[in-house]
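A short write-up of the structure that comes next.
Only the coordinates and a few stated rules stand behind these numbers; no lab work does. Not measured: the values here are computed from a predicted model. Glycine also receives a Cβ, built like all others from the backbone with ideal geometry; neighbour counts cover every protein chain displayed.
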Amino acid sequence: MNDFDKIYRSCYEDVFRFLRGLSGNETLAEELTQETFYRAMKSIDSYQGGSELRVWLCSIAKHLYYDHRKQQKRNVSADEMENLADDGQHFSDMLADRSQALQIHKLLHDLREPYKEIFTLRVFGELSFREIGEVFGKSEHWACVTFHRARAMLQKQVKEEQL
């Protein structure tokens, strides 16, 4: 068994779960996971070891997912929004119907960077604050603070639109 086989076996599940969390689609997550490892294998020499290998792979996966979204020009479905969680707490009470789910998705879509990406990585990608900090080249504390600010922005916008 070569080194890349070991990487594949040890990281496949993490990358797959990350993509399934982002996409809410098991089939798409499986396809993008395969593409992630293909691209990683082609560019393994560019991996400099500055972050965990799993974080590097998830970064490749994230870019593939965003590229896919751009190509498909689709919106996140209400089913995907029902998976939206905040540190274990579900927004399911806010997603009572399709129109409300669409409203929340629009708010998330309009959230400025880096808040949108950090919120997505934490909620859909299930990355830790430490891992998010590594992706951005920042501290764990910065990732945590930025995530909580993003969540507060979304909650405020939801409340304002409900008035």
Residues with beta-carbon under 12 Å from that of GLY125, excluding GLY125: net charge, scoring Lys, Arg +1 and Asp, Glu -1? +1
Please list, or write none, the lysines whose alpha carbon is within less than 26 Å of the alpha carbon of LYS42, excluding same-chain residues fewer than 8 places away. LYS6, LYS62, LYS70
Run down the lysines and flag those whose C-alpha is under 16 Å from the C-alpha of LYS159, throwing out any fewer than 8 positions away in its chain. LYS106
Rg/Rh for segment 3-72: what does it come to with C-alpha atoms and Rh from Kirkwood? 0.95
